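Report on the following structure.
Computed from the coordinates by the stated procedures, all read-outs in this text should not be read as laboratory data. Predicted model only: the values in this text are computed from it and were never measured. Cβ coordinates were reconstructed from backbone atoms using ideal geometry, including for glycine residues, and neighbour counts include every protein chain displayed.
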Amino acid sequence: MQFHPTALTKPGRFLISEAVRGEGAHLIDNDGRRFTFDYHPAGELAPRDVVSRAIFRHLQRTCADPATAHVWLDMRPIPAEKIRHRFPNIIKVCQHWGVDVLSQPIPVAPAAHYWMGGIVTDLMNRTNIPGLYAVGETASTGVHGANRLASNSLLECIVFGAQMAHLQIQNVSRPSDLPGLPMREFCADVTEWQLQQEHLKVLRDKIPRLVWQSAGICREQSSLEAAITTIESWQQDYTSLPVSQFLLSLRPTEPARLDIPDVERQLRLWAETRNLLDIAFLILKSAAFRTESRGGHYRLDYPQLEPDWQVHTLVQQNNWWKSPVVL
Ligand SMILES: Cc1cc2nc3c(=O)[nH]c(=O)nc-3n(C[C@H](O)[C@H](O)[C@H](O)COP(=O)(O)OP(=O)(O)OC[C@H]3O[C@@H](n4cnc5c(N)ncnc54)[C@H](O)[C@@H]3O)c2cc1C
């Protein structure tokens, strides 16, 4: 995962371009102090991952709830005329949130920006599941090294997207309809359904928080292991919900009806929570597996580069291993 150092801490997490620091903006804390020099001699102009880490660690040290805290990006050292000319969109978005960048600092914190891993594909976007292709940020094509170069997403989307035009469609067998199966129904009384729904909502909100705290910009074995145990227990809670028992027992193409209010939104919540639990588990396990720091990853307990880790982490089912090729 690559982290961006300066996302506006408002819904939507608009990214404040790193170019503003290049033009002279300062990162300051609540006391107005330029704290990044405590972490790197280049201060605000240190590399992206170093600045993200400096903000993260400063918030951890100085705030009661670092997950929701922020520092300030102060554009006032840049001449107003230059701000108007170079950054009109930043002015506009910040204005929308009540921040006048010409006279006020912007509340910012690091945010997860780009998933550099993903589903392993070959150069024709094929995965190891016949008929399943992956393109874009979801794929792991091998174009990123330990970190991502700016605009490599264009390469992933455009070059690999264009490859799809040359696709030789494979003959893939699909699950055939199971004829004559009766419609299965899921019913729950109002109070019981509300409890399940509430449970799903709480899980959905807790997952990103846990992963941010334990597998975010700085990680270490003890908190990763604790988070893996927590996710495993949440997976069990999730699976034991009656709605999960019902949906997970369905066979492909089996007709089903859910007698619950606002069914589409609820199914989406259910499916997203399930996916997030899986993804959280994979990220945490992979982070615990990689005992070094490289690119986007920083292990507090393994700060050094290790030549043996000049590889990708691969996962299939419950097996984790290093890619055979030195990348
Ligand atoms: C704020 C921000 C700034 C960025 N800035 C840069 C930059 O400056 N330079 C750069 O190189 N990269 C940048 N990136 C990264 C880049 O934008 C993304 O990597 C790229 O857009 C990913 O494209 P994609 O097509 O793989 O995925 P997406 O653009 O996420 O497209 C996935 C699509 O699938 C849809 N979808 C999801 N689930 C389902 C479903 N179940 N059924 C049907 N549809 C579904 C989604 O609605 C979405 O339209 C930035 C990203 C962010 C968030």
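R0 = 41 Å: FRET efficiency of R84 with R61, Cβ-based, nearest 0.05?
On the way: r = 36 Å, r/R0 = 0.87.
That gives a FRET efficiency of 0.70.
Compute the Cα gyration tensor for the range 136-216, then decide on rounded, prolate or oblate, letting a ≥ b ≥ c be the square roots of its eigenvalues: rounded whenever a/c is under 1.5, prolate when a/b is larger than b/c in the other cases, and oblate in all that remain. Kindly include the intermediate steps, with their values, before the conclusion.
Values: a/c = 4.12, a/b = 1.30, b/c = 3.18.
It is oblate, given that a/c is not under 1.5 and a/b is not larger than b/c.
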Problem set entry | Distance histogram in 5 Å bins (all Cα pairs of the range 2-113, percent per bin) | 2, 13, 25, 26, 20, 11, 3, 0
Exercise. Any idea how many Lys pairs in the chain come in under 28 angstrom at the alpha carbon, given 8 or more places apart or on separate chains?
Worked result: 8
Exercise. Where in the range 289-327 does the amide nitrogen come within less than 15 Å of the point 7 Å from the Cα of E225, taken along Cα to Cβ?
Worked result: 289-291, 301-302
For this session: Give me the angle, in degrees from 0 to 90, between the Cα long axis of helix 221-240 and the longest principal axis of the Cα atoms of the chain, rounded to the nearest 10.
Result: 30
Exercise. Is any residue of the range 100-139 close enough, with backbone N under 19 Å, to a label point placed 7 angstrom from the Cα of A165 along the Cα-Cβ axis, and if so, which?
Worked result: 123-126, 134-136
Seminar exercise, completed: Residues whose built amide H sits under 5 Å from the amide H of Y114, excluding neighbours closer than 5 in sequence, are Q2
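Relative contact order for the chain: what percent, with Cα pairs under 8 Å and sequence separation of 6 or more?
After rounding, I find 16 percent.
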Problem set entry | From phi via Karplus (6.51, -1.76, 1.60), per-residue ³J(HN,Hα) for the range 69-84 in Hz, x at Gly/Pro | 7, 8, 10, 10, 9, 9, 8, 5, x, 8, x, 3, 4, 5, 4, 4
For this session: Could you check the simple spin-label distance between T127 and V143, using points 7 Å along Cα→Cβ, in nm with one decimal?
Result: 1.9
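Fewest first, what order do E156, E185 take by the number of other Cβ atoms within 10 Å? Mind showing how you got there, number by number?
Numbers: E156 22, E185 11.
Ranked by crowding around the Cβ, least crowded first: E185, E156.
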Problem set entry | For the range 53-63, Karplus couplings with θ = phi - 60° (6.51, -1.76, 1.60), whole Hz, Gly/Pro x | 5, 4, 5, 4, 5, 5, 5, 4, 6, 10, 10
For this session: With springs connecting C-alpha atoms under 10 Å apart, model the chain as a Gaussian network and identify which of N171, N89, N152 has the largest mean-square fluctuation.
Result: N171
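Just to verify a number: FRET efficiency for R13 and S176, C-beta to C-beta distance, R0 = 30 Å, to 0.05?
My answer for the efficiency is 0.10.
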Exercise. Quick one: net charge of E23's neighbours, Cβ under 11 Å, K/R +1, D/E -1?
Worked result: +1
